[in-house]
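Step one of this worksheet: look at the structure below.
The values are calculated or read from the model by the stated rules, or taken from the named source; none is laboratory data. What you see is a predicted model; the values in this text were computed from it and never measured. No Cβ is skipped: glycine too gets one built from the backbone with ideal geometry, and neighbour counts run over all protein chains shown. Keep in mind that these areas ignore ligands, DNA and RNA; they rest on the heavy atoms of the full protein, side chains included. Shrake-Rupley method; radii C 1.70, N 1.55, O 1.52, S 1.80 Å.
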Amino acid sequence: MESILKSIKKKKIPINPAVVISNKPDAKGLKIAQKLGVDIEVVESKGFKGSRAEYDKKIISVLTKYGVTPRNGLVCLAGFMRIISPEFVKKYKNRIINIHPALLPSFPGLDAQKQALEYGAKFSGCTVHFVDAGMDTGPVIIQSIVKVKENDTEKSLSKRILKEEHRIYPEAVNLFARKKIKVTDRRTKIS
């Protein structure tokens with residue numbers, strides 16, 4: 001999130017950030033967003049008694065309040081460790097993107113770097129993808145490869161992958177903002 005907001009602030013991405021939403025009131029990203037002059041909202045999930053779809057309706061109402069609509073908005077997930085309801089995904093089809101610390105479709109879900117090391121992968125990396133109803137299964141926008149070293153730990157591999165995440169996530173947002181991404185079925189074409 002910070003990399004994206006800083007790229008926008010430096011005018012590298014022609015988009016206006018409307019709001020940063022967190023489900024945790026103490027999220028580090030909220031302070032970063034405020035420091036960079038972006039509005040923040042908290043829609044706390046802890047103790048929420050309703051369904052995932054009901055929670056997402058609250059998120060959608062905040063997005064709408066700030067003018068982030070299915071016609072003109074982009075929702076970037078960063079550290080938002082919740083599965084989004086099919087209703088939300090359908091409403092914002094191909095307007096929700098996420099970053100994952102693996103080369104999807106390999107190692108979806110949590111602990112991707114640990115999965116890669118345990119599997120004995122020679123390469124890992126990160127993927128920016130559109131969000132669909134599955135977990136880390138949406139159409140791929142950009143990927144970056146990171147070589148797994150013989151002496152890598154989960155921490156050392158994660159650190160190198162994170163560096164690439166900070167590079168490619170703003171790049172994907174820029175491509176979206178410039179209308180350079182076309183999605184057909186599961187494939188994305190970058191023009």
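Quick rundown of the values:
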| read-out | value |
| --- | --- |
| Among 32-40, 73-81, the order from most to least packed when residues are scored by Cβ within 10 Å on average | 73-81, 32-40 |
| Extreme residue, positive dipole direction of the chain, given options Val140, Ile4, Leu104 (C-beta unit charges) | Ile4 |
| Cα Rg, Dmax (largest Cα-Cα span) when computed across the chain, Å | 16.6, 50 |
| Spatially proximal lysines relative to Lys10 (Cα-Cα < 27 Å; intrachain offsets below 8 disregarded) | Lys28, Lys31, Lys35, Lys65, Lys159, Lys163, Lys179, Lys180, Lys182, Lys189 |
| Simple spin-label estimate for Lys11 and Lys155 in nanometres, 7 Å along Cα-Cβ | 4.2 |
| Residue-level accessible surface for Ser191, protein heavy atoms, 1.4 Å, Å² | 100 |
| Highest-first arrangement of 140-148, 21-29, 48-56, where packing means the average Cβ count within 10 Å | 140-148, 21-29, 48-56 |
| Antiparallel DSSP beta bridges within the chain, as percent of all bridges there, nearest 5 | 75 |
| From phi via Karplus (6.51, -1.76, 1.60), per-residue ³J(HN,Hα) for the stretch 109-114 in Hz, x at Gly/Pro | x, 6, 6, 4, 5, 4 |
| Whole-number percent relative contact order across the stretch 1-178, with pairs defined as alpha carbons under 8 Å at least 6 apart | 19 |
| Value at 222 nm in deg cm²/dmol, rounded to 500, when DSSP H runs of n ≥ 4 in the chain each add -39,500 (n - 2.57) | -11000 deg cm²/dmol |
